[in-house]
Amino acid sequence: MISALGIGAHLALDAWLGWVLLCLSRRRPLTAEHVPSALLLGMYAETLWTCSVIFLGLPLPWAAATMLLPLALISVYAWQHRLIQRPVSAMAAPRWYEWLLFATVLEKVAFALWQLARTPLYFDDALTHWSGRSRALFAGINWSLDPASPLWLGYDPYARHYPLLTVVWRAETACLCGRWDDLLARADGVVFFLAALASVWFAVLRFSQARWFAALAVFFVAALPLQAWHAAAGYSDIAVEALAVAALAALLRQEWLLAGVLAAGTGWAKNDGLVIFMPALLLGAWLCAATWRDALRFLLGCASLAPWLLIKSVLALGVAPNQERFVWHRDAFGLLIQHVFLGPTSSIFWIGIALALLLSGRALWRDQTGRALLVVLGTQATCLFVVYGCTESYRWLANEGTIHRSMLQVSATALVIAAYGMWRRFTSSPS
Amino acid sequence: MTQALLALLASAVFAGDEGKLYPLAADVVVDGMIIVADAPSEHGDASIDVVWEAAGRRFIFSEPARSGQHAYDPRSQPSWRGRAAIVATNIKEHAELKYPSLADEIDIFLAPEHLQPSTVNLLQGHRLLDGSWDRLLLLLAVVSALALVALTRRPALALLAGFAIAWVALDVRTMCDHAATISTVEKQGGRMPVLADAIAFAEQAVARIGSGSWSLDPSLDTDLLAAHYFGYAFAEKRRDAANADFVIARAPGQGEVIHAQGPYVLIQRLAP
């Protein structure tokens, strides 16, 4: 109960922080579609701040507490200047297909909540890289900032280069609750799952103005079998997925600064963000932007990750261990086809995406935004192929240890891009 | 072949595995055949193992056991072809090598996605009529799309609808998997596959470690998941690889064993 209250309070704090930041950074009305972005923005900003202060030498509880003063100041400032907006929403009553969608999403959430309530933390990387490090950070015992210590950044030497969004968030929640448990070790997964679905809904609704189409898009993402497991697994792949699709949605709204910040968030959630999502979204922003100022705003947003990049640089934390060598693996393409397109983990999802892009490719290419989205998806696919086909990460393709999680990260953005293409195709075809 | 002769052949082929493997058939062409076995409820989270010897080589097929009589399908294994000198399984009674009936095919399809440590990385999927369920979904999508094209004359919309129909079928199957997972774990009292002993051990050991330090014995290098679980469970206790007060191991070592659960022991190091 205490953990649930602590998680709720932490989320509320982050949502408020994100909302205030959005209110301060724009004068146009904020709508309900900004709510998932606000939450993700708050989680990103607050954990990055706390982590930066930790690396300056303050212990976790004090580092987290230092966030409260600037939060209070900007809240008061925004309040006094009447900058706090209420989200504008003109949602009509749910239609029958939205009730069906709600039921299927509810089933996934219920399954995740059952896992949280009735099973212990169970999966390997959650035990080590994510919640294991988080618990060590919370306790402060098996955690050191001394590079000479065997406990430097936790006792798992393979995870020292991993970014710390979920690690810090869970540790802060534990501080709030006064103790650690397996609920707060994983509960953020449900939040990221719902944030990803909400971002997909709003993004597709925005360009299609068709609620049935938005509902279908959300259904395709929500029913991907691996989603419900990752909503309670304690991994960070679902966080990357949520941040990536929220960044894409912001890009489609032409909110360049926010898109850049959320893109940076993918790099703060997992190193995959630095390698796969930030380059792709940067190219997309450059192609979408009407002026150089818009592109600059996006870059400025990405630059918000500077504190972490500085820490990585100073401490020589690479992107991954032993990734310096490029080695071409001849059978990588075949394995990708076999595992991703024909395997049971993603089922027919990627076949559907590929067919949608084939059908809508011309319509996409004729549209400026469509071209940018094609470049985003193409860049993501290329980066994934380079990682799995040309580096030692090939083994994680061959043994299927990581490839499907990487595809999970890309799934929501790919779906939105395919949906955009299909909608362009529908509206450009003669009836 | 009589049971006695079968047992004699099995003991010759599977020397060293006596008491673990029980013969089902000998000198049999296995193409298209499945195993139907009645796993007792105390089989727990163990697996059904099917072992066969062909062309001088031994092959094994394993699948998580389901309580009661169920069909297990090795047909997807490339090596489950041709003539096998002998086929055996680890189920002592009520196991049969046979050609599947329709009821068996449905039972194979209904086999749930089992929760296991690899579930977060990849899913095992389902099989129906000796084919991948996902390829059947693709067929369903295409057939539905073709039918809708004939009705609507709008290929893009028809393809979308066809995939939506297939995705609904996938989702229903997935929800059944979720229900089965919940049922299995709850029936086993929350016991998690593979890690049950490690979790139970850690729950008791954490209090015994108290304010002392701990380390992991190299014997846990062969049990990495448990080792990682202990690393998580004891993350709030001081870890000291060189001079720990307590050592977690898979076998008694130097010091007093103050707690044991399954294969794991907590050893209190003797003061010098």
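None of the figures in this text is laboratory data; all of them are computed from the coordinates on show. Quantities reported herein were computed from a predicted structural model and do not represent experimental measurements. Using ideal geometry, Cβ is built from the backbone for each residue, glycine included, and neighbour counts are taken over all protein chains shown.
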Checklist entry - According to a simple spin-label model (label point 7 Å from Cα along Cα-to-Cβ), what is the distance in nm between B:Asp31 and B:Ala207? => result 6.2
Item to check | Contact order normalised by residue count of segment A:293-403, Cα under 8 Å, 6+ apart, percent | outcome: 34
Checklist entry - Under Stokes-Einstein, with the Kirkwood radius over Cα pairs standing in for Rh, what whole-number D in µm²/s applies to segment B:42-91 at 20 °C and 1.002 mPa s? => result 183
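For segment A:71-171, just say rounded, prolate or oblate: build the C-alpha gyration tensor, square-root its eigenvalues into a ≥ b ≥ c, call rounded for a/c under 1.5, and beyond that prolate if a/b exceeds b/c, oblate if not.
oblate
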Item to check | Near-label residues of segment B:80-112 by backbone N, under 11 Å of a point 7 Å along Cα→Cβ of B:Leu129 | outcome: none
Checklist entry - Could you list log10 I(q)/I(0) for segment A:272-322 at q = 0.17 Å⁻¹, which the Debye formula gives when each Cα is one point scatterer? => result -0.61
Checklist entry - What is the spread of the Cα atoms of chain A along each of their three principal axes, largest first, in whole Å? => result 66, 60, 47
Next on the checklist: Let me spell out the model: positive unit charges on the Cβ of Lys and Arg, negative unit charges on the Cβ of Asp and Glu, origin at the Cα centre of the protein assembly as shown. What dipole size does that give, in debye rounded to 20?
Outcome noted: 2820
Item to check | At R0 = 45 Å, FRET efficiency that the Cβ-Cβ distance of A:Phe385 and B:Glu256 yields, to 0.05 | outcome: 0.25
Checklist entry - Dipole of the protein assembly as shown (Lys/Arg Cβ +1, Asp/Glu Cβ -1, origin at the Cα centre): which of A:Ala63, B:Gln124, A:Ser360 lies farthest to the positive side? => result A:Ser360
Checklist entry - Summing +1 for each Lys or Arg and -1 for each Asp or Glu, what net charge is found among the other residues whose Cβ lies under 13 Å from the Cβ of B:Val120? => result -3
Item to check | Cross-link partners of B:Lys98 among lysines (Cα-Cα below 24 Å; sequence separation of 8 or more within a chain) | outcome: B:Lys20
Checklist entry - In percent, what relative contact order does segment B:114-198 have, based on Cα pairs under 8 Å that are 6 or more apart in sequence? => result 28
Next on the checklist: Averaging over every viewing direction, what projected area does the convex hull of the Cα atoms of segment A:50-114 cover, in nm²?
Outcome noted: 8.4
Checklist entry - So, in Å, what gap is there between the alpha-carbon centers of segment B:124-146 and segment A:219-239? => result 22
Checklist outcome for this item: With T = 4 °C, eta = 1.567 mPa s and Kirkwood Rh from C-alpha pairs, the Stokes-Einstein D of segment A:38-78 in µm²/s is about 122
Item to check | Charge dipole of chain A about the Cα centre (unit charges at C-beta), most positive-ward option of A:Ala112, A:Ala136, A:Leu262 | outcome: A:Leu262
Item to check | Span per principal axis, largest first, for the Cα atoms of segment A:295-381 (Å) | outcome: 47, 36, 23
Checklist entry - Shape call for segment B:24-181 from the C-alpha gyration tensor, a ≥ b ≥ c root eigenvalues: rounded (a/c under 1.5), prolate (a/b greater than b/c) or oblate? => result prolate
Item to check | Global size of segment B:166-272 as Cα Rg and Dmax, reported in angstrom | outcome: 18.1, 68
Next on the checklist: If you split all Cα-Cα distances of segment A:95-250 into 5 Å bins from zero, what percentages do you get per bin, shortest first?
Outcome noted: 2, 10, 17, 18, 16, 13, 10, 7, 4, 2, 1, 0, 0
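Take the Cβ-Cβ distance between B:Ala46 and A:Leu358 as r, set R0 to 45 Å, and report the resulting FRET efficiency rounded to the nearest 0.05.
0.45
Using only alpha carbon pairs under 8 Å that are at least six residues apart, calculate the relative contact order of chain A and give it in whole percent. Don't jump to the answer; show the numbers that get you there.
Values: 638 pairs, mean separation 69.5, N = 431.
Computed over chain A, the figure is 16 percent.
Kindly provide the helix-only [θ] at 222 nm of the protein assembly as shown, computed as the sum of -39,500 (n - 2.57) over DSSP H runs of four or more divided by all residues, to the nearest 500 deg cm²/dmol? Numbers along the way, then the final one.
Details: 26 runs with 381 residues, N = 703.
The helix-only estimate for the protein assembly as shown comes to -17500 deg cm²/dmol at 222 nm.
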Next on the checklist: Nearest 10 degrees is fine. How inclined is helix B:155-187 to the longest principal axis of chain B, computing both from alpha carbons?
Outcome noted: 40
Checklist outcome for this item: XL table A:Lys108/B:Lys92; B:Lys92/B:Lys187; A:Lys108/B:Lys237; A:Lys108/B:Lys187; A:Lys312/B:Lys237; Cα-Cα > 32 Å flagged, in table order, is A:Lys108/B:Lys92; A:Lys108/B:Lys237
Item to check | Nearest-20 debye value, segment A:1-149 charge dipole, Cβ charges on Lys, Arg, Asp, Glu | outcome: 520
Checklist entry - Between A:Val88 and A:Thr31, what is the label-to-label distance in nm when each label sits 7 Å out along the Cα-to-Cβ direction? => result 0.9
Checklist outcome for this item: Computed over chain B: longest principal axis from alpha-carbon atoms vs helix B:196-209 long axis, angle to nearest 10 degrees, is 20
Checklist entry - Dipole size in debye (nearest 20) for chain B around its Cα centre, Lys and Arg Cβ +1, Asp and Glu Cβ -1? => result 660
Checklist outcome for this item: By the C-alpha gyration tensor axes a ≥ b ≥ c (rounded if a/c is under 1.5, else prolate when a/b exceeds b/c, else oblate), the shape of chain B is oblate
Item to check | Environment charge of A:Leu11, counting only residues whose C-beta is closer than 12 Å and scoring Lys/Arg +1, Asp/Glu -1 | outcome: -4
Checklist outcome for this item: Against the 2.2 N^0.38 Å rule of thumb, the C-alpha Rg of segment A:149-229 sits at a ratio of 1.53
Next on the checklist: Compute a Gaussian network model of chain A, connecting alpha carbons closer than 10 Å, and tell me which residue from A:Leu145, A:Leu224, A:Leu73 fluctuates the most.
Outcome noted: A:Leu73
Checklist entry - Once both axes come from the Cα atoms, what is the angle between helix B:133-152 and the longest principal axis of chain B, in degrees from 0 to 90, rounded to 10? => result 40
Item to check | GNM result for chain B, Cα springs below 10 Å: residue of B:Glu93, B:Glu53, B:Glu256 fluctuating most strongly | outcome: B:Glu256
Checklist entry - For peptide B:142-154, how many partner chain Cβ atoms fall within 10 Å of a residue's Cβ, on average? => result 1
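How far, in nm, would the chain grow between A:Arg330 and A:Thr291 when pulled straight, counting 0.36 nm per residue and subtracting the alpha carbon separation?
Contour length minus the Cα-Cα distance gives 9.8 nm.
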Checklist outcome for this item: Between B:Glu186 and A:Ala4, the two model label points (7 Å from Cα along the beta-carbon direction) sit apart by a distance in nm of 1.7
